[in-house]
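The next block holds one structure in the form of structure tokens; read it before the comments.
The values are calculated or read from the model by the stated rules, or taken from the named source; none is laboratory data. Because the structure is predicted, anything quoted here is derived from the model rather than measured. Because the Cβ atoms are built from the backbone with ideal geometry, glycine has one as well, and the counts that use them run over all protein chains shown. Side chains are part of the model used for accessible areas, which takes the heavy atoms of the whole protein and leaves out ligands, DNA and RNA. Shrake-Rupley method; radii C 1.70, N 1.55, O 1.52, S 1.80 Å.
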Amino acid sequence: MTTVDVAIVGAGVAGLTCARQLQRRGLQVLVLEKSKGVGGRVATRRVGEAAIPVDHGCQYLTADTDGFHRLLKDYLAQGILVEWTRTLYTLDANGLHPDPLDDHRPRYICPQGMSGFAKALAQGIPMQLEVRIQGIEPGSRWRLWSEGGEWFARAVVLALPAPQILPLLQPWIGEYPNFASLLESASYSSCLSVLAGYGPQPLPVWRGIKCFGDPELAWIALDSSKRSAPSAPVVVVQSTADLAAQYGDADPTTLEQVGRQLLTKVGQRLQPWLGSPQWLQVHRWRYAFAQETVGVTSLATAMPLPLVCAGDWCAGSRVEGAWLSGQEAAEQVLQLLMQRAKLV
């Protein structure tokens, strides 16, 4: 049994950001994560005997707010991030063309894979991985439990997709209908990521392509352009939400067939060699993009005990949105704990 000031469920960008802020303010935190690693959709898969890093989730980072820009600038100075490109291309009914100059802006990546961003955020944070929290309940403190243990905390942060939060709050969440209705209002779309490797080829001029008006293709990236010395092209293709929704329960064999069909289409629309990979893998993201957000940066309540929910479903589906949500969640936790201390 472990007791901490704040237990944070979820080691994505929002959860890690919240933990860092609270730890800096002197609170004892513990992050509990069901996966083997951190980052959520800021994800990198190691492929083949050479363990080639391939980004199958978030493709790059941009900054619109001063705070996130400062963080990226710091990570650039440390070599955690580098600039990948300022020019994306668009594939539409008129073919392939570079975006206009007004849309040029720095896009940043981690040279060893985008998961490096999350690993940097996670440095120094107490954490337990491969822990699947089954429920939480209020008492004198919050009690959280899994098959392998239980934890107690003065406050809890649930940094998860909203559809995964509601089951954890049963059965007592019904006593707080307004809080529950906000959680229920958040919705997600899914996505298929196809990772494909090729033999030596003349490299294309594009690095990333946004696909408009295509019912199946949403994004195409030359992932190997993120590495210093790629031995051969590696491409990541991401599907539209509509296509992914058709294969929500598909088995791996079916997903591989869908992946090959997508690559065939990419070869037809761009360059023929893209339709004939030497290898491919398909990853299904069930909660890929927040479609309907709740309109607040984080969702907090003092009843029955300090509880804050955070994630990209609050402040927008980009990584910056998750970071902002984590920042705000930390401030909410501090305020709720101070208010509770005055009442006790």
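Data overview
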{"quantity": "Considering only segment 1-149, percent of DSSP beta bridges that pair antiparallel, nearest 5", "calculated": "75"}
{"quantity": "Paramagnetic reach from E83 (point 7 Å along Cα→Cβ, amide N under 16 Å) across segment 94-138", "calculated": "101-111"}
{"quantity": "Cross-link pairs K36/K265; K119/K265; K36/K73; K34/K265 - those with Cα-Cα distance over 32 Å", "calculated": "K36/K265; K119/K265; K34/K265"}
{"quantity": "Other-chain or far-sequence residues with amide H under 5 Å of S146's (modelled H)", "calculated": "Q134"}
{"quantity": "In range of the label at F152: residues from segment 1-21 whose backbone nitrogen is under 20 Å from the point 7 Å along Cα→Cβ", "calculated": "1-9"}
{"quantity": "FRET efficiency, 1/(1 + (r/R0)^6) with R0 25 Å, evaluated for S276 and T254 via beta carbons", "calculated": "0.75"}
{"quantity": "Segment 231-337, relative contact order in percent, only Cα pairs under 8 angstrom and at least six apart counted", "calculated": "17"}
{"quantity": "Positive-pole candidate from A118, A63, Q332, dipole of the chain, charges at beta carbon", "calculated": "A118"}
{"quantity": "Sulfur and carbon atoms: percent of accessible area, the chain [1.4 Å]", "calculated": "49"}
{"quantity": "Surface accessible to a 1.4 Å probe, per residue, for the residues of segment 229-344, Å²", "calculated": "48"}
{"quantity": "Rg/Rg_ref, segment 1-108, where Rg_ref = 2.2 N^0.38 Å and atoms are Cα", "calculated": "1.40"}
{"quantity": "For the chain, calculated [θ]222 nm from helices alone, where every DSSP H run of n ≥ 4 adds -39500 (n - 2.57)", "calculated": "-9000 deg cm²/dmol"}
{"quantity": "Size of charge dipole - segment 253-344 - debye, nearest 20, with Cβ of Lys, Arg +1 and Asp, Glu -1, no other charges", "calculated": "280"}
{"quantity": "Rel. contact order, % - alpha carbon contacts under 8 angstrom, at least six apart, the chain", "calculated": "21"}
{"quantity": "Rh by Kirkwood over Cα pairs, then Stokes-Einstein D for segment 223-344 at 1.567 mPa s and 4 °C, µm²/s", "calculated": "72"}
{"quantity": "Qualifying GluC sites (Glu not before Pro) in segment 123-160, DSSP loop, other Cβ atoms within 10 Å at most 11", "calculated": "E147"}
{"quantity": "Bridge type composition, the chain - antiparallel percent by DSSP, nearest 5", "calculated": "70"}
{"quantity": "Kirkwood hydrodynamic radius (C-alpha pairs) into Stokes-Einstein, segment 13-67, 25 °C and 0.890 mPa s, D in µm²/s", "calculated": "178"}
{"quantity": "K73 versus V205: modelled label distance in nm, points set 7 Å from Cα along the beta carbon direction", "calculated": "3.4"}
{"quantity": "Other-chain or far-sequence residues with amide H under 5 Å of Y198's (modelled H)", "calculated": "Q278"}
{"quantity": "Counting all C-alpha pairs of segment 115-195, share separated by more than 15 Å (%)", "calculated": "69"}
{"quantity": "Share of alpha-carbon pairs per 10 Å distance bin for the chain, given as whole %", "calculated": "5, 24, 32, 22, 12, 4, 0"}
{"quantity": "Solvent-free Debye scattering, log10 I(q)/I(0), computed from the Cα coordinates of segment 236-293 at q = 0.18, 0.26 Å⁻¹", "calculated": "-0.66, -1.12"}
